[in-house]
Structure formats: structure tokens, C-alpha cells
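Data block below; observations after.
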């Protein structure tokens, strides 16, 4: 699990085809690799990858066909910069929100403009993910924990402060950029539990009334 607070920016050093999928060599940049072991997880542009080799200045990771089909990793080229975050520990500050590192789909930057020193973005989500995105809710884009300003159908709006832009690859976002989207894990599980979302109502004990009574929704 991750928090969506980026630790460092790395870059792709090598891409090796491996029997239908890929193996990536990622230079870790300023990421502290001193306590990273084989088998550890590192989120790369929001995708949880398993460390399979440690060459010293970064790591190698295998990327399955499933991950390639549901994320932007298949579009990476040698030299591309990527957001990196090590898996959280019990002492990790929860500055963002709970992130699994499993992309739900690929979005696209529709507009980018400046508002004072802040960056404003409009992002288009796949239609099947729109229902999980809420105004002032949490969303993870390319591994970065962000808060939506507003939502309009498949479009959602972001206002990003300069620090976040400077410390991540968001400073490379322009119109047409494809980005990994992971929706809030709570939203996905709530949909599964609520009546009318795939399970017979009689089997569900959770409802909007129940959530309201217990202070989860207003």
C-alpha cells in the first residue's frame, strides 16, 4: 500500500521485452534504496511494481501483460521520468490517502492553465470510472494523491499547488497527456456493498440511510 505522496522522481534506463511482457530498469534518482530488498514494492507512476533486481542505482521490475493493458507503462520510453514511492510502513505519515498501486484505467489531460501560481487541469476519465470520482474527493493520478475540485460527467477538475508540480512529473502534463488513474478504494467497496450494484438487495445490510445515520455521509 502507498499514500500517494511521491518520494522521488526516477527515469527509465532500459526496457527489455520478456516473453510477451516487459522488464523495466528504473534509475531511482534521490529515492533512498538502502533498505529496499528483492520482492519489495515500489509504486512507479502509481503502478505497484515488485523489485526483482537491485543494480545499485535503482531497480529492475517485471511488468505483466495485465498491467500493460490497463496502464500507461506500455507507452514509456527510455529516458522518461516517473514518480516513485516506496510502500508505506507503520511509521509512514499518511499525508495523502490509501493507494493500492493498481491502476483502474487511463485518463487524459484535456486542459491546462495557470491560476496565479497554481496549475489547473481538466482530466477526462474513462466513463466506467466516472461514478467513483466525487467533488472534493481523493484520486490518485500517476501515483500522486490529489483532491478533485469538481466533477462534470466524465470530466474532473484539479487545482495543483506549485510544490506538488515541482516535486512530481506533473510539470510535464500538457493537453493530450495520458495518465494512470486509481480511484478511491473506499468508493469501489461501497459500490459493491450497496443494494443494486451486483448483489441482491436482500443480501446487503449497508444502505445510504445507514451511512447517514452513522455519520459517513451528509
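The values are calculated or read from the model by the stated rules, or taken from the named source; none is laboratory data. Owing to the predicted nature of the structure, the values given are computational and were not obtained by experimental measurement. No Cβ is skipped: glycine too gets one built from the backbone with ideal geometry, and neighbour counts run over all protein chains shown.
Listed conditions (1) free of Cβ contacts under 8 Å to residues at least 60 places away in the same chain; (2) surrounded by fewer than 19 Cβ atoms within 10 Å (Cβ to Cβ); (3) closer than 21 Å to residue 106 by Cβ are all met by residue 29, apart from (3). Looking only at residues in region 106-118 that are modelled with pLDDT under 95 and touching a helix residue (DSSP H, G or I) at 6+ places or on another chain (Cβ under 8 Å), the one that is surrounded by the fewest Cβ atoms within 10 Å (Cβ to Cβ) is 117.
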